[in-house]
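What follows is a single structure, and I will ask about it in a moment.
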Amino acid sequence: MTLSIKEKAVLITGECFCGSVKYQVDGKLRDGISCHCSRCRKAFNAQSSAAAVVEPGKFTWLEGEVLLASYVNKQGYGLQFCKTCGSTLCTIYNDQVIQVSLGCVNGDPEIEIEKHIYVGSKANWEVMPDGVVQFEEGPL
């Protein structure tokens with residue numbers, strides 16, 4: 001039996017800036033979000049973060065896992081970075097990848113940013129485009 005294009009497995013890959021750390025996601029990403037809080041601006045060296053949720057058990061490191069550095073807060077949430085180039089690759093919770101940074105995804109992950117959060121604390125120099133779904137803080 002041949003699967004149609006719609007039925008074929010989705011395989012998403014990503015990597016850091018220097019290419020030393022690589023991963024794959026077996027399946028689609030969901031819940032694209034951009035956070036404009038001051039902490040995400042610092043962590044992503046940009047006006048905001050852009051990330052999407054990975055289903056549990058669908059994320060695999062392919063290369064360079066030993067090159068990862070992690071920053072984890074008291075609640076168990078954190079970010080993982082490439083030690084060589086500094087790219088922020090993913091968000092973790094209790095040592096499990098729960099989101100990937102969309103800027104490190106290769107190709108078109110077929111997802112859009114659905115909402116912009118913490119726009120109440122965005123940088124003064126950032127102008128939000130008309131028509132985007134946004135929240136002053138996180139969605140309730």
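Coordinate-derived values only; no laboratory data. Remember, predicted model here, so these are calculated numbers, not experimental data. So basically every Cβ, Gly included, is an ideal-geometry build from the backbone, and we count neighbours across all protein chains shown.
Just to confirm my understanding: which cysteines in the chain have no other cysteine beta carbon less than 4.7 Å from their beta carbon?
Cys37, Cys90, Cys104
Report the longest stretch of the chain that contains none of the chymotrypsin sites (Phe, Trp or Tyr not before Pro) sitting in a DSSP loop with at most 16 other Cβ atoms within 10 Å.
18-124
Tell me the net charge near Cys37. Cut-off is 13 Å between Cβ atoms, Cys37 excluded, with +1 for each Lys or Arg and -1 for each Asp or Glu.
Every neighbour counted, the sum reads +1.
Same structure, new question: Over 22 Å between C-alpha atoms is what I'm after, so list which of Lys28/Lys74; Lys42/Lys115; Lys28/Lys83; Lys42/Lys74; Lys74/Lys122; Lys22/Lys58 land there.
Lys28/Lys74; Lys28/Lys83; Lys74/Lys122
Further question: Starting at 0 and stepping by 5 Å, how many percent of the alpha carbon pairs of the chain end up in each bin?
Computed distribution, short to long bins: 2, 10, 18, 21, 20, 14, 9, 4, 1, 1, 0, 0.
Let me ask something else. Between Pro109, Pro129, Pro56, find the one with the highest GNM mean-square fluctuation for the chain; connect C-alpha pairs within less than 10 Å.
Of Pro109, Pro129, Pro56, the Gaussian network model singles out Pro129 as fluctuating most.
Taking R0 as 41 Å, what FRET efficiency do you get between Thr60 and Arg39 from their Cβ-Cβ distance, rounded to the nearest 0.05?
Calculated transfer efficiency: 0.90.
Please rank Ile111, Ile33, fewest neighbouring Cβ atoms within 10 Å first, as an exposure proxy.
Ile111, Ile33
Over the chain, with a Gaussian network built from C-alpha contacts below 10 Å, which listed residue (Thr88, Thr60, Thr13) shows the highest mean-square fluctuation?
Result for the chain, Cα springs under 10 Å: Thr60 fluctuates most.
Something else: Per DSSP helix of 4 or more residues, -39500 (n - 2.57); summed, then divided by the residues of the chain. What does that give at 222 nm, rounded to the nearest 500?
The helix contribution divided over the chain gives -1000 deg cm²/dmol.
So which GluC sites (Glu not before Pro) in region 44-118 are both in a DSSP loop and have at most 15 other Cβ atoms within 10 Å of their Cβ?
When the GluC sites (Glu not before Pro) of region 44-118 are filtered for loop state and at most 15 Cβ neighbours within 10 Å, Glu110, Glu112 remain.
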